[in-house]
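Reviewing the structure listed below.
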């Protein structure tokens, strides 16, 4: 994979537009780097937090609206937006990625509006503890809480989907209560059941398929997070708010 630095605004920082006031309220330094010959990465630092992620989704939405000819996909992540393109559509004078960068710079220069209004809230039923959540007792002990307090704090957390990745439809969900933040397991599991709800650091994830995994499993949902036969295969989308709803063992079957 080849990488080539394209541009940045760190010397002259552009402003983020506050969607509530319409005015510029903070600085958003960014850089653009070529990633191979048909993708560039717009990066907004390396700190994973809600505000940075809102900027990322605001930029992704703005680029989708701009509909730059030759751009074939826009992929938001924690702190970056990947812009995939057809090089032949940018084969004017100079290098294709440099021509695309100029187009992107023009869009960014217009101002960035963080996307801080989630389009929807999605309820995720969860069976906590027991066979569905084998790590719940250990999580409670490590956090100095009872299992019931862990569940209550997890339910009350301000969950927001930062990005999808690792597996098709797997959401990385920020906003975990600070008292539940633990490092990943020292020994990952070879097999994590589909639907497992797990926590690590300041995030929650839901495994859509059986896979290896190193997060702490505290529950399981009967919902299918990914189905390639559906018009929209992924149940959750970046930017969604998530509300975890506890259910009984009887209501929890593996998806």
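Being modelled with pLDDT of 90 or more and either assigned to a helix (DSSP H, G or I) or under 30 Å from residue 202 (Cα atoms) (or both) narrows it down to one residue among 107, 59, 16; which is it?
Going through 107, 59, 16 in turn, the sole match is 59.
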### Query
Out of the range 152-165, which residues are surrounded by fewer than 14 Cβ atoms within 10 Å (Cβ to Cβ) and at pLDDT below 95?
158
### Message
Which condition from (1) part of a strand (DSSP E or B); (2) touching a helix residue (DSSP H, G or I) at 6+ places or on another chain (Cβ under 8 Å); (3) surrounded by fewer than 18 Cβ atoms within 10 Å (Cβ to Cβ) is the one that residue 72 breaks?
### Response
(2)
### Test: residue 86 is surrounded by fewer than 18 Cβ atoms within 10 Å (Cβ to Cβ) and in contact (Cβ under 8 Å) with a residue 12 or more places away in the chain
yes
### Query
Does the range 193-203 contain any residue that is more than 20 Å from the chain's Cα centre (by Cα), touching a residue at least 40 places away in the same chain (Cβ under 8 Å) and in the same structural domain as residue 132 (by TED's automatic domain parsing)?
yes
### Summary
Of the residues in the range 89-119, those that are closer than 16 Å to residue 64 by Cα and surrounded by 14 or more Cβ atoms within 10 Å (Cβ to Cβ) come to 100, 101, 103, 104, 105, 107, 108, 111, 112, 113, 114, 115
## Note on the structure
Here the residues within the range 120-151 that are farther than 20 Å from residue 248 by Cβ, surrounded by 12 or more Cβ atoms within 10 Å (Cβ to Cβ) and within 23 Å of the chain's Cα centre (by Cα) are 122
#### Entry: Unmet criterion (only one of (1) in contact with a helix residue (DSSP H, G or I) (Cβ under 6 Å, 6 or more places away or on another chain); (2) buried (at least 19 other Cβ atoms within 10 Å of the Cβ)) for residue 179
(2)
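The values are calculated or read from the model by the stated rules, or taken from the named source; none is laboratory data. The structure presented is a predicted model; accordingly, all values stated were derived computationally and were not measured. Cβ: placed from backbone, ideal geometry, glycine included. Neighbour counts: every protein chain shown.
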